[in-house]
Each structure stands twice: as C-alpha cells, then as structure tokens.
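Written below as structure tokens is the structure these notes are about.
All of the numbers you see were taken from the coordinates with simple rules; none came from a lab. Predicted model only: the values in this text are computed from it and were never measured. Neighbour counts are summed over all protein chains in view; Cβ atoms, including those assigned to glycine, are modelled from backbone coordinates with ideal geometry.
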C-alpha cells in the first residue's frame, strides 16, 4: 500500500473539561474514559501563556432609589478583550462608558444650581503580561475621564508558582494620579495621589478547594472631599488596609461550585468594614449555568462623620462645634448592606456564551453588624443588571 | 520555540518515547523524568506479570471466596472495566486474559479446541463480585487483566504529569499508543503516522496514513503485532471472549480521541465488533481510520 | 494596628474553619476540577469590574483583589 497522506479532516477534541454540550455528544465509553482519575489536564492553575483569546461585550445598568425620590441611572456598555500574542505574551484591554442621568441626589448636595444631572465617564485600561516557566509579570495602564474628574494609573504585578503548581505567590504595586475640577469651581485642579501595595498567595488546598489570601495597603494624599457637598472637609491623607480571603470549593457529587469571599477593610478615616459574599455556580440542563449570589456588607462610620439631621430651626445640617474635619456623606456613615442576585449563563457552544445578571442592593443603618447604625438615614436601594456576550477565539 | 527534547525508554514490554518542546532543556528533562516515573508506577501497580501488583493480589484470591479491598484509583479502573463490558455487550471482558495460556503467538501452532473450551468457563465479568470497593473472582483459575487499557491509561497519566510540570507541548508514545499536548513548533499539529498493517518486506515500519493531532490521542489495534499464520490464514492476538478465537474483520483500527484510554478501548472494541465497528465508532463520536481484511481503508466522515 | 492584628488573627481562624480539614494539595493528575472556569478566582472580568465600580461609589471599603484600579469621581 502506498504511503498516502489521508489527512483526516479532524483534530482530536481537547481533553480539558468542556461545557456539557460536547460531553453529551460522546458515547458511553468515551464518557467513562473521561471520568477516570487524573487524566484531565489543568491549564487554569499553571502559569504558562494562554492559548485562547476571548472577547466580551456587556451592557450594564444601574438604578438607585430612596423612598419618594427617583435617583441616579447609569447605562454602561463595556468591552473586554484578552488575546495571547507571540507565544509567551498576552494583552488584555477593556473599556467602559458610563452614561449617568437622573435627579440630583438628596437635599444636602448641590450641583451648581442644576437639579438634573447628566454625566459621562469613559474608562479604559490595557494590560500586557509576559509569561515565564513558572512566573508571569504584568504591567497595566488605566485611565478614567469625566468632565470634572480624571484619573491615570499604572500598575505592576508578578506571580510565581511553586514547582508542583499548588502554590502561587502574587505581588503588585500601583500608583495613580487623579485631577479634580468640579463644575461649581469650589476648587480648581485639585489632585489626589494614591499608591497601592499588595501581596497574596493562592493555594490549592485539596483537589476541590482553591484558597486565596491577599493583603493590600493603600496610601493616599490629596483632595478627598466631595466637592458637591456643602459641608465636607476630610483629611488630605487616607491610608487603607485590606485583608481578603477567597475560597472556591468544587462539589464533586453534583458538579457545582461554591465561591465565597471575606474582606476586612480599615482606613485612617476610622472606617472599618466587613464584606462577606458567596455564590453557588450550578450547571443545569445541558448548556445552562445558574448562579445565585448573596453579599453582606457592614461598615463603621468615619470618625468625622456627622448625622445630617435636618433641624427645623437651624435648617441644613451642620456639624456640632467647629471640628477640623467633617462630612455627612452617607458613604462614611454606619450601615449595613445586603445584595441578593443571580446570573444565568448560556454556553451555546465551545466558543459562544451569553449571560444575564440581576442584583438588588439595599442599605440600612440598622443592618450594621452590631445593629448600631447612623440614625436618620433613609433606606437606600439599588438594582444592577448586566447582559453580555462572550466569544472565544 | 526552544529545541525539542526526546527521551526513549522501554516500559510495559514496549518501546516508548516522550518528546517535549517549548520549555528549557532542564525543565524538559525534569518533566520527562516525572512522566516516566508515573508510567513505571502504573506498570508496577497493574502488571499481571508482577507478583506484588494489585492485579496479582486479586488473581491470587480467585475462587477462594475471599474478597479484597482496593484503593480509589483501582476502584475507578475496575469501574471503567465494568462500563467497557456493558457498553460493548460483553465483547470487552477484562477476564479474557486466561486465553493467553493456550494462545502462544511465538509458536506457529494453533491451540487444541478442547484446551480453549476448558478456559471459556473462566471468562466472564459476571463471575466478578464487585461492590465498588471490594472485589473477588468467584471461579478458581480466573484472571483479571487491565491489558486492554492499562498502557493507554499510563499514556494519559504521563501526559498529565507533563502538563503539571508546566509542559504545554509534548508527545507521549508507549508502544504505539500516543497522546499529544498542544501543538508542535509554529502551531502545527503533530503528524501521527499509522503503520501499514501489511508493509513491504524492505520497509517493515512503513506508514499508510498520517493523522494530524493537536490536544488528543491516537490508539491503534491491529492484527499484525502478534499473530500465528497458517496456510495464509492469520490468527491475531485480539481474541473474542465468547469463542476464544481471534477476530478477523479488520487488519487495523485507529481511533482519535481526547484521551488515549478512550481511543485505546474504542479501537479494541471496534476490532471485536467486526462488521459493526463503523457504526459503533460513529455512535461514540470519535474519528477513526480502519483497514479491513482486504486492505480497503475506511475513515470517519 | 492592635485592632488590625486582632482582626487578622480572627481571619486566619476563619480560614482554618473554612477549610474544615488539613491541607491535602492535589497531585499532578488531580487538578482537572481547577480547569473549570468557575474555579478560577477572576472568572468574569467585566462583571467584576462593574460590580466593584458600583460598590466603590456606594461604600467606603474597596479593593482587596488587585492593584491599580484607578479612581473615579463617582460620589
């Protein structure tokens, strides 16, 4: 028989775990083979340059409300591209445009006499990563622009994995410079400079548990006031310490995944916050993944926060006495917040997937961890939703 | 791409080769050592020729009415063997190794029918008592044998060991059962040659086809590895467990799959299926290349 | 700093409780489950960026997962 190249029009299917759709096309023996222990290749945990790119497009909306008030709406189309280049490099870029509209929030805020606000924020970032045998180094530039606020940041991060790939150490530094030019002219060309330092470790705890612990320290100086709040005077220095623990657990008996995280936050303004979140990734039917999620947040007020109690005699709220720093920004008050939501993902085939996410968020002073939240805060509610499409290439 | 590192070695009574590229020389050799160690581990644990293997321990208790507990890896392999038995309607039976007692492919003599008839009662998955954790062979003289997928399993485990060591481009070949990771240089797939089952005398290793593979496995079952030829009729080593006699419909069956253990089991069962091989492989959703008894080649759509 | 160290102590206790059992790092061939998208720490970049941006504008606490997000005036 002559040696002919029959060149079958086929490329064997990848052995990495795939969406169930392709598994369903396999016969009983193939499925049994794929269930054997230790034959799957883990690409996710190894460093090594990625071989596949992905492009995602999302439309994100945000709407909030307080009783009797229609507040801010944000519509934000966003684009994200990840592409391997030249063997051991990858480039990642994203851009988002927030279109903000709605009534001006709450009476103790003003925007140059306007009662309606319209704004647009454009943000973009690009990251270049170089992969080595057991390590990777990335540099990232980020940019955000509104008519009254501009931010530029550069970040450097590195990862290093142990020989067995079960432990990955990460470290990162970044610096950003923000320029603030509020339309009310209360200040001009103000700046804020922030430096961040992070170290972390990711550990494959068991074959079904991945744990990550990160410690972040942030030093900032400059203008931290809200220029649109009449009585707002904050320190010109703000340092933050953040500890975060993330735990992903795969449940073999039903092929679902529980992703949970805890974050402790502390800053020099006196704010202390706890964040606990979890989501349960459940593959249902053949190509659908449903992910219910919940999040609890609690914070203690900043030391210079005062409750904005409207006094019928004095009128607009004002801090008692003559403190050096003061703010009635609800973001600096004591409260708790709860988010409940869910996501549905449709993995159409190996390359295309579609997703839909909806979440409801509510803040109440009484929901603070020990119950002693700031008085006089109206409950605050927000809804966020995202619809997206993603294509691998 | 850095230079390709290739290491040849012998394992499971076969010539073996591992090739790695895309990583530095030292890293490649370290990864290959890890992979070879994994092959040796599988061989020691499951070889029927080693008295201390798990398989020998199970076989030693055949007919004694004693069962034996096996570890998690062995449990999954036995479960896999059970699935192969049921999915092949009894054609793939990992208790059929006893037939090798009478089929001696080094000699050119056929066994006596009476000798075969005496062994057939010892063949049958239904005589295996298996509860998921403990196993017993209920008839004295029975033998369990992972020969039908053990080498292919070792191929996949070796590939996983390479991947865990950070290797993304590699080929593992244990006696013709092949698994590849990633592409070759320049993103080209690996070209896996399929041996001509009836090569000319002056070129015994001639290939009659090549299959491009990226991230997958190729396994071939053929009638040319071990056989007895008498009066122009070939009796190969692939034996039907029901009759105890060799199959003859195909000279060679090559299957391309994601895993070598998958491709290997499918190619063996396809050999046993005879005329039903193509329909069977189509239903399993894999690609294949078949050469029938007359030399005609069939391939998947 | 004293309070912080107390919190870190508490956090490591949580870590040990969460894991529930001793560390048993997987062997090379036991990592198939980590290849699942949902087992990666940052599974959906756009989703994460949007959610963090929303919380950044409504809560004091931020960060923890990486550096260099850059600021915005979303008060």
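Expressed as a rounded percentage, what relative contact order does chain B have, with Cα pairs under 8 Å and six or more residues apart? Display every interim value, and only then the final one.
Details: 597 pairs, mean separation 49.8, N = 301.
Averaging sequence separation for qualifying contacts and normalising by length gives 17 percent for chain B.
Give me the inter-chain shielding for A:262-272: mean count of other chain Cβ atoms within 10 Å, whole number please. Let's see the in-between values first.
Numbers: counts 5, 6, 8, 7, 5, 3, 0, 1, 1, 3, 5.
Counting other chains' Cβ atoms within 10 Å and averaging over A:262-272 gives 4.
Cut-off is 10 Å between beta-carbons; in what order do A:352, B:250, A:169 appear when sorted fewest neighbours first? Display every interim value, and only then the final one.
Values: A:352 12, B:250 25, A:169 15.
Listed from fewest to most nearby Cβ atoms, that is A:352, A:169, B:250.
Take residue B:66 and residue A:268, extend 7 Å from each Cα along the Cα→Cβ direction, and tell me the distance between the two endpoints in nm.
So the label points at residue B:66 and residue A:268 sit 7.5 nm apart.
Give the separation of the Cα centroids, region A:167-234 to region B:98-120, in Å.
Spelled out, the Cα-based centre of one part sits 78 Å from the other.
What distance in nm separates the two pseudo spin-label positions at residue A:219 and residue A:381, each 7 Å out from Cα along the beta-carbon direction?
4.5
Compute the FRET efficiency between residue A:65 and residue A:139 as 1/(1 + (r/R0)^6), taking r as their Cβ-Cβ distance and R0 = 45 Å, and round to the nearest 0.05. Please list the in-between numbers first.
Values: r = 41 Å, r/R0 = 0.90.
Rounded to the nearest 0.05, the efficiency is 0.65.
With 10 angstrom as the radius, rank A:327, A:253 by how many other C-beta atoms surround their C-beta, starting from the fewest. Walk me through the numbers on the way to the answer.
Values: A:327 24, A:253 5.
If I rank by nearby Cβ atoms, fewest first, I get A:253, A:327.
As an exercise, use a Förster radius of 22 Å and the Cβ-Cβ distance of residue B:293 and residue B:231 to find the FRET efficiency, rounded to the nearest 0.05.
Working: r = 16 Å, r/R0 = 0.71.
Calculated transfer efficiency: 0.90.
Can you give the alpha-carbon Rg of the protein assembly as shown over 2.2 N^0.38 Å, where N counts its residues? Mind showing how you got there, number by number?
Numbers: Rg = 32.4 Å, N = 769, 2.2 N^0.38 = 27.5 Å.
Computed over Cα atoms of the protein assembly as shown, the ratio equals 1.18.
Which FRET efficiency value, to the nearest 0.05, do you get for residue A:93 and residue A:169 by plugging their Cβ-Cβ distance into 1/(1 + (r/R0)^6) with R0 = 25 Å?
Working: r = 26 Å, r/R0 = 1.04.
That gives a FRET efficiency of 0.45.
List the extent of the Cα atoms of region A:141-216 along each of their three principal axes, largest first, rounded to whole Å.
Cα spread of region A:141-216 along its principal axes, largest to smallest: 57, 20, 17 Å.
Go through A:362-372, C:48-58, A:184-194 and give me the packing order, highest mean Cβ count within 10 Å leading. Could you put the intermediate results ahead of the total?
Working: A:362-372: 16.5, C:48-58: 19.6, A:184-194: 14.0.
Answer by packing, highest mean first, reads C:48-58, A:362-372, A:184-194.
Give me the tail of P(r) for region B:62-126 as a percent: Cα-Cα pairs with distance above 17 Å. If you can, show how the numbers build up before the last one.
Numbers: 1187 of 2080 pairs.
Taking all Cα-Cα pairs of region B:62-126, the fraction more than 17 Å apart is 57 percent.
At 10 °C and 1.306 mPa s, what whole-number value in µm²/s does Stokes-Einstein give for the translational diffusion of chain B, with Rh from the Kirkwood sum over Cα pairs?
Working: Rh = 20.1 Å.
The estimated diffusion coefficient comes to 79 µm²/s.
Under Stokes-Einstein, with the Kirkwood radius over Cα pairs standing in for Rh, what whole-number D in µm²/s applies to region B:1-118 at 25 °C and 0.890 mPa s?
Numbers: Rh = 17.9 Å.
Rounded, D is 137 µm²/s.
Starting with the fewest neighbours, write out A:156, A:245, A:332 ranked by other beta-carbon atoms found within 10 Å of each beta-carbon. Intermediate values should be presented prior to the final figure.
On the way: A:156 15, A:245 19, A:332 24.
Ordered by Cβ neighbours within 10 Å, fewest first: A:156, A:245, A:332.
Report Rg (one decimal) and Dmax (nearest whole number) for region A:228-364, counting Cα atoms only, units Å.
21.1, 67
Report, in whole Å, the centroid distance computed from the Cα atoms of region B:218-240 and region A:260-292.
Cα centroid of region B:218-240 versus Cα centroid of region A:260-292: 60 Å apart.
Anyone know which of B:17, B:133, B:152 comes out most mobile in the 10 Å Cα GNM of chain B?
Per the Cα network of chain B with a 10 Å cutoff, B:133 tops the list.
Per DSSP helix of 4 or more residues, -39500 (n - 2.57); summed, then divided by the residues of the protein assembly as shown. What does that give at 222 nm, rounded to the nearest 500?
Taken over the protein assembly as shown, the calculation gives -5500 deg cm²/dmol.
Need one value for B:279-289: mean number of C-beta atoms belonging to other chains within 10 Å of its residues' C-beta atoms.
On the way: counts 0, 2, 1, 1, 4, 8, 9, 7, 6, 2, 3.
If you average over the peptide's residues, the count of other-chain Cβ atoms is 4.
With labels modelled as points extended 7 Å from the Cα through the Cβ direction, what inter-label distance (nm, one decimal) is found for residue A:360 paired with residue A:73?
Reported label-point gap for residue A:360 and residue A:73 is 2.0 nm.
Determine, at each q value in 0.21 (inverse angstroms), the log₁₀ of I(q)/I(0) that the Debye formula gives when each Cα of region B:150-301 is one equal point scatterer.
The Cα Debye sum returns log10 ratios of -1.35.
Across peptide B:214-226, how many C-beta atoms of other chains are within 10 Å of each residue C-beta, on average?
On the way: counts 3, 8, 6, 5, 1, 0, 0, 0, 0, 0, 0, 0, 0.
Taking all residues of B:214-226 together, the mean is 2.
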